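Note sheet for the following structure.
Read-outs throughout are calculated quantities, based only on the coordinates presented, and are distinct from any laboratory measurement. It should be emphasised that the depicted structure is a prediction, and the values quoted were computed from it without experimental measurement. Here the Cβ is made from the backbone with ideal geometry for all residues, glycine too, and neighbour counts use every protein chain on show.
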Amino acid sequence: MNTVDLEIERNERDASPRRFADTPHGRPSHEIERIPTTSSASSSASSGTSVRRRDMGMSRVSTQRDLERHPTELSRIETGRLTHTGTVGRSLKSRESRKPLPNFGAGKPYPPLLPDQEDYVVEFDGPDDPLHAQNWPMKKKLYTAVILGFTTLTSAFTSSIFSTATTTVAGIYGVSTEVGLLGLSLYVLGFAIGPLFWAPLSELRGRKLPLVIAMFGFSIFQIAVAAAKDLQTIIICRFFGGVFGACPLAVVAAVFSDMFDNRTRGMAITVFSMTVFTGPLLAPFIGGFIVDSYLGWRWTEWQVNSSGLVAIMGFTCFLLDLFFLEETYPPVILVSKAAELRRRTKNWGIHAKQEEIEIDFRELITKNFSRPMRLLVTEPIVLLLSIYMAFIYGLLYLFLTAYPIVFQQIHGMSKGVGGLPYFGMVIGMILAGVYIILTQPSYNRKLAANNGVPIPEWRLMPVIYGGVSFAIGLFWFGWTGYTDKIHWIAPTLSGLATGFGLLSIFLQSLNYLVDAYLMFAASAIAANTFLRSLAGAGFPMFSQYMFAGIGVNWAGTLLGCVALLLVPIPICFLIFGERIRRRSAFAPTKPLDVPSSENDEGVLPDVEKAPTNAEQQHVPNGENAV
């Protein structure tokens, strides 16, 4: 056990010496006397409550099977409470009041305080509680992942489908191509702003509410773009569409972190990453054929929101999320559990820890909306990986202007046909996804050999391989796409290398961030999304000038050299990552410094202990308690 667990055990022994009188240190967990918890402790509501329970056909269900055999589950509950202590609203100075208490009303005296508030706090019923998202059946996890994958794909797809209409829109409204590109750039800029709101909201009110609100707003603004009468309306609505569309990018990976454990989380985030990156590349050829057809550019927006005249993609996501998506965030699940227990037992003292939070606007700004920025500025892992991912993400959107230059201007293809070479990158990404999935058994073996304790740095080797592949692809694209004397298949095939590298870097870097900042996964991803979305918004604005000024070949060389310079970043974290995380104020994994004689779980002292199910119950303002 770690030092927190040992301290909790000592406190429990001091508080209840008789309970542990016959239980020496190191005794097997299945022999430890059952410790009453909030899920099994009786309230002080006296025998009248028991009579009402019998009248309602209710009875207590013993939780001894789970908790007595898993003492670490008890320590995780207590660790979660320690993390929560810094978030309770009554600690806020702004909530203190000097006004006298009002009368209780109707001549009633104030009722007595609850005997022990902690006895009324609900918890999960052991490590196998079916309410916890990680214990859901695999079928339920899969259809949830499909819904969220479709939601993310819709948002990413929308970001780039407008790129095929930029020249058409510029011609209609009599502006330059760069002004027409604002419809693309401002949507991606919305990706940078949105997560600053959606990520903290997901840690306060759960994952489902932000997704439902965001997909409804997203769909409304896409309809506004399609029906807009002037350019400024198009650009403004594209921006706000991006703000709402950013929610899946910030929250869905955190949902996967809620649902999947260390053995399966990598495969889940593989699916998420593929939807983030393949979506923008699937849109150009679809939008190109639409723009070239009699439907016109406005149908690029209607296509985002509907399939022909039958389905509306955005509202389909909204309805799927509203009716079929269930909450996965553990603290909010406990809120629902507490509400049901209050209703059925008529004991209004029962509550979840999350309900003790009193939202204060100043605290909300300071500790929630600013947390992603603090992570970005103060955490070297978040900062450097975000810079790396910002570069590759910016190039993803730069390719939306570079590919038309090579395949439409140099090789003379139409908008629709000129979008088909993006499939080279799509296939490269699929190969990267297959590669990551094939490495998962090896990762699981290392995880099992290390007693189920994950080491985040295990994720970094594919990032290194992907970095080299990505740089090769950039050189390849630049020196095969600058002239029509080289067959168009050559620059198309370069997408295999760039696509493979792009997804390998992004996917495993994201896994590394989730593993390293598990309790703060949503905020870490929001910080990363903010920086890379700024790059995604800015790169298309200068790409045409760069390719026209120095040529496709030297532009590819310049970008390839920058990509090579960034390859040492994951190498440094592979070597020094553990030391950096040891000094982190946000990373939940800490080295075990206890002597081997107290290491009850059989984990080597120099191996890090990562939080598991109960420890993922992060309460948003609890970073100071970590």
(request) Order by neighbour count: D360, D230, D515, fewest other Cβ atoms within 10 Å first, most last. (result) D230, D360, D515
(request) Find how many whole Å separate the alpha carbon centroid of the stretch 327-381 from the alpha carbon centroid of the stretch 393-472. (result) 36
(request) Rounded to whole Hz and in sequence order, give me ³J(HN,Hα) for the stretch 561-576 from the Karplus expression 6.51 cos²θ - 1.76 cosθ + 1.60, θ = phi - 60°, writing x for Gly and Pro. (result) 5, 4, 4, 5, 5, 8, 4, x, 4, x, 5, 4, 5, 4, 8, 10
(request) Report the percentage of all Cα-Cα pairs in the stretch 94-223 whose separation exceeds 25 Å, rounded to a whole percent. (result) 58
(request) Assuming 1.002 mPa s and 20 °C, estimate D for the stretch 116-193 with Stokes-Einstein, Rh taken as the Kirkwood radius over Cα pairs, in µm²/s. (result) 128
(request) Determine the distance separating the Cα centre of the stretch 173-198 from the Cα centre of the stretch 124-151; give it in Å without decimals. (result) 35
(request) Could you calculate the contour length gain from I486 to N451, that is, 0.36 nm times the residue separation minus the distance between their Cα atoms, to one decimal place in nm? (result) 7.2 nm
(message) For q values of 0.20 Å⁻¹, compute log₁₀ I(q)/I(0) with the Debye formula on a Cα-only model of the stretch 191-281, without solvent.
(response) -0.97
(message) Debye calculation, C-alpha points only, no solvent: report log10 I(q)/I(0) for the stretch 332-391 at q = 0.14, 0.16, 0.24 Å⁻¹, in the same order as the q values.
(response) -0.63, -0.69, -0.90
(request) Between R342 and V562, with labels modelled 7 Å along Cα→Cβ, what's the label distance in nm to one decimal, could you check? (result) 5.3
(request) Please identify which residues in the stretch 463-488 have an amide N closer than 11 Å to a label point set 7 Å out from the Cα of V417, following the Cα→Cβ vector. (result) none
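With 10 angstrom as the radius, rank L503, L231 by how many other C-beta atoms surround their C-beta, starting from the fewest.
L231, L503
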(message) Beyond a 29 Å Cα-Cα separation, which of these cross-linked pairs lie in this structure: K139/K446; K141/K337; K139/K415; K139/K337; K99/K353; K208/K415?
(response) K139/K415; K208/K415
(request) Would you mind calculating the gained length between Y110 and S442 on full extension (0.36 nm times residue separation, minus the Cα-Cα distance), in nm to one decimal? (result) 113.3 nm
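Using the number of other C-beta atoms within 10 angstrom as an exposure proxy, rank E457, E203, E326 with the fewest first.
Working: E457 19, E203 29, E326 12.
Listing E457, E203, E326 from fewest to most nearby Cβ atoms yields E326, E457, E203.
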(request) Rounded to whole Hz and in sequence order, give me ³J(HN,Hα) for the stretch 539-552 from the Karplus expression 6.51 cos²θ - 1.76 cosθ + 1.60, θ = phi - 60°, writing x for Gly and Pro. (result) 4, x, 6, 10, 5, 5, 5, 5, 5, 6, x, 10, x, 4
(request) Wrap a convex hull around the Cα atoms of the stretch 463-520, take a quarter of its surface area, and give that in square nanometres. (result) 4.1
(message) Can you give the FRET efficiency to the nearest 0.05 for T378 and F576, using r as the Cβ-Cβ distance and R₀ = 25 Å?
(response) 0.90
(request) Please work out the C-alpha center-to-center distance from the stretch 202-266 to the stretch 477-502 and express it in whole Å. (result) 33
